[in-house]
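Below: the structure, in structure tokens.
None of the figures in this text is laboratory data; all of them are computed from the coordinates on show. Remember, it's a predicted structure, so these values are computed and weren't measured experimentally. We place every Cβ from the backbone using ideal geometry, glycine too, and count neighbours over all the protein chains shown.
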Amino acid sequence: MFRGKHSRSAGRRAAALLVVGLAAACQARVIYVDQSVALPGDGSTWAAAFADLQDAIAVAAPGDEIWVVQGVYTPGPSRRDFFAIKESVAIYGGFLGTETRVWERDIVNRTILSGDIDGDGTPAGNSYSVLAGKNIRGAKVSSCWIEGGNADGSDPAALEYRRGGAIFLENSSAAIEQCRIRNNMALAGGAVFIEPGPDDTEVSFWRCFFNGNLAFGDPMFGDGAGGGIGVENLQYTMPQVTVDRCHFTSNDAAAGGGAINFNGDDADLEGRLVVSNSVFSTNSAASGGGIYAGCCCDVHVLGSSFWNNSAAGSGGGVMLKGRLYNNIFWRNLGFAGSMDRAAQVDGDPLSLVAIHNDIMAYDGAFDGYGNIDADPLFTNPPGHDGFAGTLDDSLAILPRSACVQAGDNAFVFGTLDFPGKRRVSPNRRGAPAIIDMGAYEI
Ligand SMILES: [Ca+2]
Ligand SMILES: [Ca+2]
């Protein structure tokens, strides 16, 4: 089992979680929101729901849950308005307005948190960030579609209007779960930007889809990194960021990290990025089409698949310092459309360890063992719609793929693969349970 280093802050974090848990037990309540309610009430029942999500957020206290019926919700008339992510408050979307239990919600009931406040269907005039949180702990956003944020602020000193079109987090810990985060843009951190602060913070993404997000800023001025998720800081300790069972497709960055940019000070040994059981298809950047991680922080990529990502320079799949376990990097594109090893995985050989990966054109460049160079036999990468870069892209592999039973069980994070099958399954009855390379277990 893959285990992380023991952080000096683990004890403090556990204590904080305990306090949050006690607070939740004492005063947890549900606040109901339904934009179509006939007569808005005090949010105490579906029949008396608030019509405006902002009204629910305004009265929410730590431990509360906000349940939001399907429909479109906008933060407010000003581009500076946002839905506040509050301390120990969970926002759940995906309801029809009849449910009595939180698990009855379903993402197919689209609770859309939209930045298109002028309703013209274009990014122009939209909210800088749809959601934002500062100095908070224990927050959750679940089962929402988050779209249309456009952090294109012109004042260089006002970072919060230039980062994180969908979500801007500063010195905060939050869990983002089962959300569809699409068509957001920013100068950096197109969908999500995580600004570290003086506290130890942790941000997790679980079963989220990132599609069509863009970091468009000018790299000359330190912008343009992280089309999907951007984390960048030289002043404070980098946060702990985990990404599990997520799908990144058609996210683009003018600088590093089409899907994810994780970049701090080289002296920062506390920050950590763990990416597991995730799919990266058709993302692009100047460098690191899938992931760019340029600091010496703890960076681990496990059980994930990278296909058709591209970089104008190097590392069409990933460009990083870190550790790669049980992944597939296939047909990613580098400089001038090349598909050599550097187009799949690039980074400083002295700081990159690769163990049991399938890497196209692998040349033994990195420390490690068990790596192969064999067509993974994806079943249908562009998916049923025939277009690469859409949400039905699939990097499932055929049973006769060389990636089957070819991983290393010493490096497994999480118990389920990308679609939800148990990790470390035998490929047939009676076979030993060995993890398959990539995001899909046979
Ligand atoms: Ca607009
Ligand atoms: Ca597709």
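For Gly226, list long-range residues whose amide hydrogen, built 1.01 Å from N in the peptide plane, is under 5 Å from its own amide hydrogen.
HN-HN under 5 Å from Gly226: Gly189, Ala255, Gly256, Gly257, Asn261.
Of Thr282, Ala157, Leu131, which is farthest on the positive side of the dipole of region 27-363, counting Cα position, with +1 on Lys and Arg Cβ, -1 on Asp and Glu Cβ, and the Cα centre as origin?
In region 27-363, that residue is Thr282.
Can you tell me the relative contact order of region 285-370? Whole percent, Cα pairs under 8 Å, sequence separation 6 or more.
27
Sort Ser276, Ser154 so that the residue with the fewest other Cβ atoms within 10 Å of its own Cβ comes first and the one with the most comes last.
In order of increasing Cβ crowding within 10 Å: Ser154, Ser276.
Return the equivalent ellipsoid semi-axes of region 383-442 as a descending list in whole Å, where each equals the square root of 5 times an eigenvalue of the C-alpha gyration tensor.
Equivalent ellipsoid of region 383-442: 23, 13, 10 Å, largest first.
Once you list every other residue whose beta carbon is under 14 Å from the beta carbon of Ser44, what net charge do they have if Lys and Arg are +1 and Asp and Glu are -1?
Surrounding charge for Ser44 is -4.
Among Ile291, Ile31, which comes first, then next, by fewest other beta-carbon atoms within 10 Å?
Fewest to most other Cβ atoms nearby, the residues stand as Ile31, Ile291.
Restricting everything to alpha-carbon atoms, can you work out Rg to Rh for the chain with a Kirkwood hydrodynamic radius?
That ratio equals 0.97.
With unit charges on the beta carbon (Lys/Arg positive, Asp/Glu negative), name the residue among Thr122, Gly303, Gly43 whose Cα is farthest towards the positive pole of the charge dipole of region 27-363.
Working it through, the farthest residue towards the positive pole turns out to be Gly303.
Taking the Cβ of Asn135 as the centre, find all other residues whose Cβ is under 10 Å away and add up their charges (Lys, Arg: +1; Asp, Glu: -1).
Neighbourhood net charge equals -1.
Can you work out ³J(HN,Hα) from phi for every residue in region 241-253, in order, using Karplus 6.51 cos²θ - 1.76 cosθ + 1.60 and θ = phi - 60°, giving whole Hz and x for Gly and Pro?
Here the 3J(HN,Hα) series is 10, 10, 10, 10, 6, 9, 10, 10, 8, 6, 9, 9, 9 Hz.
So what's the back-of-envelope 222 nm ellipticity for the chain, counting only DSSP H runs of four-plus at -39500 (n - 2.57) apiece and dividing by all residues, rounded to 500?
When only DSSP H runs of four or more count, the value is -2000 deg cm²/dmol.
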